[in-house]
Amino acid sequence: MKTIVISGASSNVGKTTVAKRIVRLLPGAIYIKIGHGKEKPGQEGEFFHIGTKFSDIISKFGNAPFLIIESNSILNEITPELLVYLTGDSQKPSAKKAEEIADIRRGERIDASKISDLARYLSVEESTIRKIAWISGARPSPPIAI
């Protein structure tokens, strides 16, 4: 199982949209949101409250090939194979670490060697990583059309 974390500067920067689009690229992927509040009826994916242990998530979804996790707080417990950071106008304190260690950042270029490395870590095609970069608002080098 491989983990991809979608983090962001604050609410309403597009984390859910990006996460759901990435899920569609990866057969068998499970979307997980970790946050405050309540699970919304009819919402795609699985909701867990902040503070849920990663081991509890694994016990339920450990057989999935990919977990796409929307969260900043999960980074206190795991190091994902891929971390996507979505910038915003203001940054919550929990987002600082994510911004510093992200593999893909909205608005930034990602070079071909990084794309190759990420594809190898995730056991996917480089074209999939390029699509994830585009979905996330980063720009892979060289550019592609999707």
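One line per residue, one yes/no per condition, for (1) buried (at least 17 other Cβ atoms within 10 Å of the Cβ); (2) in contact with an Asp or Glu (Cβ under 6 Å, 6 or more places away or on another chain); (3) among the hydroxyl-bearing types (Ser, Thr, Tyr):
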{"site": "PRO93", "(1), (2), (3)": "no, no, no"}
{"site": "GLU100", "(1), (2), (3)": "no, no, no"}
{"site": "ASP103", "(1), (2), (3)": "yes, no, no"}
{"site": "GLU108", "(1), (2), (3)": "no, no, no"}
{"site": "TYR121", "(1), (2), (3)": "no, yes, yes"}
{"site": "GLU125", "(1), (2), (3)": "no, no, no"}
{"site": "ILE129", "(1), (2), (3)": "yes, no, no"}
{"site": "ILE132", "(1), (2), (3)": "yes, no, no"}
{"site": "SER136", "(1), (2), (3)": "yes, no, yes"}
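Just to confirm my filter: which strands (runs of 3 or more DSSP E) fall fully inside the range 1-91 and include at least 1 residues that are on the phi < 0 side of the Ramachandran plot, basic (Lys, Arg) and modelled with pLDDT of 90 or more? Please lay out each step first, then the result.
On the way: elements: 2-8, 30-35, 46-49, 66-70, 82-86.
Of the strands (runs of 3 or more DSSP E) lying wholly inside the range 1-91, those with at least 1 residues that are on the phi < 0 side of the Ramachandran plot, basic (Lys, Arg) and modelled with pLDDT of 90 or more span 2-8, 30-35.
From the list THR87, THR79, which residue is surrounded by fewer than 21 Cβ atoms within 10 Å (Cβ to Cβ), polar (S, T, N, Q) and touching a residue at least 12 places away in the same chain (Cβ under 8 Å)?
On the way: THR79 fails: touching a residue at least 12 places away in the same chain (Cβ under 8 Å).
Going through THR87, THR79 in turn, the sole match is THR87.
Would you check which residues across the range 90-105 are touching a Leu at 6+ places or on another chain (Cβ under 7 Å) and touching a residue at least 40 places away in the same chain (Cβ under 8 Å) and list them?
ALA98, ALA102, listed by residue number.
Restricting to the range 55-70, and then to whatever is out of contact with any Ser or Thr (no Cβ under 7 Å at 6 or more places or on another chain) and under 14 Å from ILE22 (Cβ atoms), can you tell me which residue is surrounded by the most Cβ atoms within 10 Å (Cβ to Cβ)? Break it down stepwise before answering.
Residues of the range 55-70 that are out of contact with any Ser or Thr (no Cβ under 7 Å at 6 or more places or on another chain), as a first pass: 55-66, 68.
Filter once more, so that each one left must be under 14 Å from ILE22 (Cβ atoms): 64-66, 68.
Working: ALA64: 17, PRO65: 14, PHE66: 24, ILE68: 28.
So the residue we want is ILE68.
Pairs under 7 Å by beta carbon, first residue closer than 20 Å to ALA64 by Cβ in the range 111-127, partner exposed (fewer than 12 other Cβ atoms within 10 Å of the Cβ), six or more apart or different chains?
Once the first residue is closer than 20 Å to ALA64 by Cβ and sits in the range 111-127, its partners that are exposed (fewer than 12 other Cβ atoms within 10 Å of the Cβ) give ALA119/GLU125.
Of everything in the range 110-119, what is crowded, with 18+ Cβ neighbours inside 10 Å and outside any helix (DSSP H, G or I)? Give them in sequence order.
Passing the criteria: only ILE110.
The values are calculated or read from the model by the stated rules, or taken from the named source; none is laboratory data. For clarity, every value in this text was computed on a predicted model and none was experimentally measured. In this analysis, Cβ positions are derived from the backbone assuming ideal geometry, glycine residues included, and neighbour counts consider all displayed protein chains.
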